[in-house]
Amino acid sequence: MKLTSAQVERALGQIEAQPIPDDHPVVPQLNELFGEHTFFLDSNGLNIVEPAAAAAPGVQSAKVVNLASWNDSDSLEPHEPEATDIVIVLGSRH
């Protein structure tokens, strides 16, 4: 899921992560591997968000999905996508 800049700001208010800027040289490779997303790095590794069932009508929510974890040598090790228990509110639907 590709987020707008406003959605990225809302997400960052709810999770401790750093977004990877769209103009970063690694983004084309990440898009090729995982599809068009907004990518975040945190203490667990590389993450994206995917649409989630809303907790309330009219609320746009997303679940954090981990794509790669840090290994012992501080490198990212890709694995099958793992949904986390973290759900963030991105906004309301009008």
Quiz item: Using 1/(1 + (r/R0)^6) with R0 = 25 angstrom and r between the beta carbons of Glu50 and Trp70, what's the FRET efficiency to the nearest 0.05?
Solution: 0.75
Exercise. State, as an integer percentage, the relative contact order of the chain based on alpha-carbon contacts under 8 Å between residues 6 or more apart.
Key: 25
Quiz item: What accessible area per residue, rounded to a whole number of Å², is obtained for the chain using a probe radius of 1.4 Å?
Solution: 62
Practice problem: Collect residues whose amide H, placed 1.01 Å from N in the peptide plane, falls under 5 Å from the amide H of Gly91; neighbours closer than 5 in sequence don't count. | Solution: Gln60
Practice problem: Give, as ranges by residue number, the residues of the range 56-86 whose backbone N falls under 18 Å from the point 7 Å along Cα→Cβ of Ser43. | Solution: 64-76, 84-86
Quiz item: What do you get when you divide the Cα radius of gyration of the range 46-90 by 2.2 N^0.38 Å, with N the number of residues?
Solution: 1.39
Quiz item: So, with a 1.4 angstrom probe, what is the percent of accessible area on the range 10-94 that is carbon and sulfur?
Solution: 52
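The values are calculated or read from the model by the stated rules, or taken from the named source; none is laboratory data. Worth saying up front: this structure is predicted, and the values here are computed from it rather than measured. We place every Cβ from the backbone using ideal geometry, glycine too, and count neighbours over all the protein chains shown. Side chains included, ligands, DNA and RNA excluded: accessible areas come from the protein's heavy atoms. Shrake-Rupley method; radii C 1.70, N 1.55, O 1.52, S 1.80 Å.
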